[in-house]
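Throughout, read-outs are computed from the coordinates displayed, never taken from laboratory work. The shown structure was predicted, so the numbers you read here are calculated from the model rather than taken from an experiment. A quick note on method: Cβ atoms are made from the backbone with ideal geometry, for glycine too, and the neighbour counts reach across all protein chains shown.
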Amino acid sequence: MESHDITVGELYDQFVAPTYGRFPIHPKRGKGVDLWDENGKHYLDFAAGVAVNSLGHAHPALIEVFENQPADLLHCSNLYQPRGQGELARMLSRQVVKAPGKCFFTNSGTEANEGLIKLARRFGEAVPSPSGKPRREIISFLGSFHGRSTGSMAVTGQEKVRTGFGPLMEGFVHLPFNDIEAFERGLTDGSVAVFLEVVQGEGGIHVATPEFLRAVAAICRERDMLLFFDEVQCGMGRCGDLAGWRCVSGSTEIVPDGVSWAKGLGAGFPIGAIWFRDRPAGERSLCELLGPGSHGATYGGSPLACEIAKVVIERIVTDNLLSNASELGQSILNEAERRQLPMVSGVRGLGLMIGFQLDVDRLEKSAVLKDEGRVASVAVVDALGEAGLLTVPAGGDVVRWLPPLVACQEDVDKAFGIMEKVLNDLMK
């Protein structure tokens with residue numbers, strides 16, 4: 001056992017790959033929305049593991065699962081049928097999507113989206129174009145983010161994510177978000193599926209309009225295309241409903257053909273999931289197109305992961321966290337408008353996915369940005385962290401608030417107080 005004669009920063013510099021632009025924060029423990037570093041400094045955690053810690057830190061219900069489930073069964077092969085995986089699949093179908101279908105379990109959102117890509121390709125073979133050629137073209141939108149594997153990068157609508165990793169998988173088209181006419185123009189006989197985040201998280205908290213969402217769904221039905229919702233960040237109650245798309249559409253009229261989840265589903269424990277709709281797909285049902293041998297995940301849907309996810313969904317519903325997310329999110333938007341925060345040109349979001357649009361022109365005059373040469377969002381997030389508020393950058397000009405669903409108005413008031421002071425100091 002080596003001694004603590006080296007700092008955390010030095011450990012990372014020497015032994016951890018530099019794949020993240022990490023902030024100098026060294027977390028040690030948390031409780032609810034509060035987090036403390038190894039020196040005892042307190043933070044208000046409005047990053048929540050980037051929309052992961054939906055129940056906050058150290059939730060008693062999750063601790064109970066960790067204490068009990070491993071004593072029974074930690075892992076077993078997916079060649080068998082542990083009850084918990086079936087029960088979680090039933091919850092996702094009946095309580096979240098509210099439509100007939102089946103689930104496949106993964107370890108992350110990236111893996112879940114890879115599964116949807118494979119389903120789209122298989123569907124394009126089963127239901128080809130009028131000419132008889134397989135349909136292989138998948139539509140996504142500029143500003144979207146669907147992961148960092150080779151397939152999920154290809155479907156992601158951000159050039160900065162894809163640059164330097166070519167040639168990527170072919171067959172992906174990226175169209176303007178919330179532009180119905182551009183969407184219609186971009187379709188071809190080879191178009192087979194649409195990937196859509198109803199709230200683009202990494203893209204800067206851009207919310208789909210109800211009109212756009214309904215139009216895309218209608219066109220997919222007309223052309224027998226698959227409609228996939230990436231709910232990795234905006235799902236599991238973060239927007240005020242277990243299904244983010246229902247928060248935007250305002251009804252149950254839209255039923256997707258596939259959904260991907262992760263992040264908040266495990267509230268901190270790695271689990272991802274895909275739901276496939278029970279609908280015709282050639283001679284078979286869509287939810288059975290990926291048969292034995294066509295897809296897999298060694299650790300996907302482990303007994304521990306499934307018990308945790310079941311408890312997460314139960315607590316989100318029974319503890320009224322859906323209404324809390326909706327009401328608190330609206331309160332944040334209202335308060336932001338009232339305060340007129342310095343160096344913030346606008347605020348947008350849905351539920352507890354809030355994006356503060358920075359006035360980059362004004363911020364670039366700040367001594368902090370001039371001296372250090374950093375992009376605005378990173379500099380502001382760093383300054384907020386030093387002041388005790390953890391947030392997340394999105395691109396170069398947006399700061400995200402993604403607090404746990406258990407956050408309360410008092411937490412929001414504290415966060416605004418810190419943010420207002422930090423922005424005022426930067427302005428000076």
Return the percentage of antiparallel bridges among DSSP beta bridges fully within the stretch 73-318, rounded to the nearest 5 %.
50 percent
Under 12 Å Cα-Cα from LYS28, which aspartates and glutamates qualify once same-chain neighbours fewer than 8 residues away are excluded?
ASP37, GLU38
The stretch 4-125: radius of gyration and largest Cα-Cα distance (Dmax), Å
19.7, 59
Compute the separation of the alpha-carbon centres of the stretch 270-343 and the stretch 55-123 and state it in Å as a whole number.
10 Å
Radius of gyration and Dmax over the Cα atoms of the stretch 64-191, both given in Å:
18.6, 58
Of LYS133/LYS160; LYS98/LYS310; LYS160/LYS428; LYS263/LYS421; LYS41/LYS160; LYS31/LYS98, pairs whose Cα-Cα distance is over 26 Å
LYS133/LYS160; LYS160/LYS428; LYS263/LYS421; LYS41/LYS160; LYS31/LYS98
For the chain, give the magnitude of the charge dipole about the Cα centre (Cβ charges: +1 Lys/Arg, -1 Asp/Glu; no others), in debye to the nearest 20.
880 debye
Lys, Arg +1 and Asp, Glu -1 on Cβ, resulting dipole of the stretch 73-318 about Cα centre, debye, nearest 20
480 debye
The chain, convex hull of Cα, quarter of hull surface, nm² -> 22.4 nm²
Taking chymotrypsin sites (Phe, Trp or Tyr not before Pro) as candidate sites, keep only those in a DSSP loop with at most 16 other Cβ atoms within 10 Å, then name the longest stretch of the chain containing none of them.
166-298
Dipole magnitude (debye, nearest 20) for the stretch 1-127, charges at Cβ of Lys, Arg, Asp, Glu:
920 debye
Taking the DSSP beta bridges in the chain as the whole, what percent of them are antiparallel, to the nearest 5?
70 percent
Counting only Cα atoms, I'd like the Rg/Rh figure for the stretch 73-318, Kirkwood definition for Rh.
0.94
Put +1 on the Cβ of every Lys and Arg and -1 on every Asp and Glu Cβ in the chain; which of ALA415, HIS57, SER129 then has its Cα farthest towards the positive end of the dipole?
SER129
Cysteines in the chain lacking a second Cys C-beta under 4.7 Å:
CYS76, CYS103, CYS220, CYS234, CYS287, CYS306, CYS408
List the GluC sites (Glu not before Pro) within the stretch 169-237 that DSSP assigns to loop and that have no more than 16 neighbouring Cβ atoms inside 10 Å.
GLU170
